[in-house]
Structure formats: C-alpha cells, structure tokens
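Below: one structure, written as structure tokens.
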Amino acid sequence: MVKFDKNLLTSMDLIIRKGTQSDMGSVLKLIKELASFENEANAVELTEKDLLHDGFGENPAFKVFVAEIENEIVGIALFYERYSTWKGKAIHLEDLIVKEKHRAMGVGKLLYSKVMEYAFNNNYKRVAWEVLDWNKPAIEFYESTGAKVLYDWNVVQMEEKSLKVFVDKMNS
C-alpha cells in the first residue's frame, strides 16, 4: 500500500495491485470513460465478458494493474507483451486511465511507475504506447520521465471490417 501526501488525496489510502476477474466491470467503465475523453464515446465494442475471457483464459492477452481508493477502482494500466525485432521482449502499454475526479493527484504516475517497474524487473527491453498529439499534459509527463515521443512516426491500424475485405480480396 502506498500512502499519499495528505494534501493530494486527503489522507486516503491508495492501493496499486494486479487486477482480478472481479475488477473487469470497473475496468470496462474506465475504458469507456477514456473513449469519451478521446472523443470516441461510441467506439468501445469490448464487453466485460471479453475482458474476462481475454485476460484470464488459458493464454491471457493482457495484464492490468488497478489503482484502488477506499474499495473503488479509480485507475488502470492495461498492457501486454510484444516483441521488437530491434530490442527483444517489449511491453505495449495499451491504456493508462484515471477517473476524471482523481486526476492530477499522482494516481496515474503510480500506475505508470508500476508498469515500468514490472517491465524492468522482468527484463523487458522497451515499453511503448501511443498518446494523442493534443494531450499535452500527458506528453509533458512522459517526456519528464525520460520517455521519447516519436513525432515522425504514424500509428497504422487495420480494423476488423477492413481485415475481412482485404482477406476476401486476397482469396478471390
């Protein structure tokens, strides 16, 4: 358990811990809150059942740390393993989310620190993630920790519908 400066969290106790199956409802709510923050409120297709299956099945697709204050999940850091052909084992930090009313209190910094500590302790060579170019406070925070923002790279994605079209064309 980490005790915070009383001025920040009014002497509440904050616990950063590994997420469990029973946390997935709260995790999904935070994912939806982030989608709204990023002006994509209707983009979340994921369900609690998906999170349970994908995170706690035979081959978990992700890990998650949760931040809890007075038995309430107020933040998450969801990440998964990937591989860099230049560096080796790596982690992708998919989302770092803190409830709006708990931002600017150090919760996000502790979740971020927990992921970096996990990566270091488990011999990962890199942690990578995306940040929206308009999210200046996040960019400034990341840079202040030694992270390098790659402004000359673009994120490329192919969604499920496009995958289907591509594979159908390829196979016809």
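The values are calculated or read from the model by the stated rules, or taken from the named source; none is laboratory data. In this text the structure is predicted, and so the values were computed from the model without any measurement. Note: ideal-geometry Cβ built from the backbone for every residue, glycine included; neighbour counts use all protein chains shown.
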Answer yes or no as to whether Ala147 is under 28 Å from Ile16 (Cβ atoms), surrounded by 10 or more Cβ atoms within 10 Å (Cβ to Cβ) and in contact with a Leu (Cβ under 9 Å, 6 or more places away or on another chain). no
Test result for Gly88, more than 19 Å from Ala35 (Cα to Cα) and in contact with a helix residue (DSSP H, G or I) (Cβ under 6 Å, 6 or more places away or on another chain): no
Return yes or no: is Ser172 loosely packed, with under 10 Cβ neighbours inside 10 Å and small (Gly, Ala, Ser)? yes
Of everything in the stretch 112-146, what is at pLDDT 95 or above and among the hydrophobic types (A, V, I, L, M, F, W, C)? Give them in sequence order. Val115, Met116, Ala119, Phe120, Val127, Ala128, Trp129
Consider only pairs whose beta carbons are under 9 Å apart and that are at least six residues apart or on different chains; among these, list those whose first residue lies in the stretch 59-70 and is free of Cβ contacts under 8 Å to residues at least 12 places away in the same chain and farther than 12 Å from Asp95 by Cβ and whose second residue is surrounded by fewer than 17 Cβ atoms within 10 Å (Cβ to Cβ) and of a type outside the set (A, V, I, L, M). Pro60/Asp54; Pro60/Tyr80
Search result, residues across the stretch 122-140 that are among the hydrophobic types (A, V, I, L, M, F, W, C) and touching a strand residue (DSSP E or B) at 6+ places or on another chain (Cβ under 6 Å): Val127, Ala128, Trp129
Only unsatisfied item for Met105, checking (1) at pLDDT below 95; (2) surrounded by fewer than 12 Cβ atoms within 10 Å (Cβ to Cβ), is (2)
What are the residues in the stretch 55-85 that are within 21 Å of Lys32 (Cα to Cα), touching a helix residue (DSSP H, G or I) at 6+ places or on another chain (Cβ under 8 Å), part of a loop (DSSP other than H, G, I, E, B) and not aromatic (Phe, Trp, Tyr), if any? Ala61
Given the conditions (1) touching a residue at least 24 places away in the same chain (Cβ under 8 Å); (2) at positive phi; (3) not basic (Lys, Arg), every one holds for Ala104 apart from (1)
Would you mind stating whether Leu110 is surrounded by 15 or more Cβ atoms within 10 Å (Cβ to Cβ), in contact (Cβ under 8 Å) with a residue 24 or more places away in the chain, over 30 Å from Lys161 (Cβ atoms) and under 15 Å from the mean Cα position of the chain (by Cα)? yes
Any chance the stretch 137-145 includes a residue that's in a strand (DSSP E or B) and within 24 Å of Ala43 (Cα to Cα)? no
Every residue in the stretch 99-130 that is assigned to a loop (DSSP other than H, G, I, E, B) and among the acidic types (Asp, Glu), please. Glu130
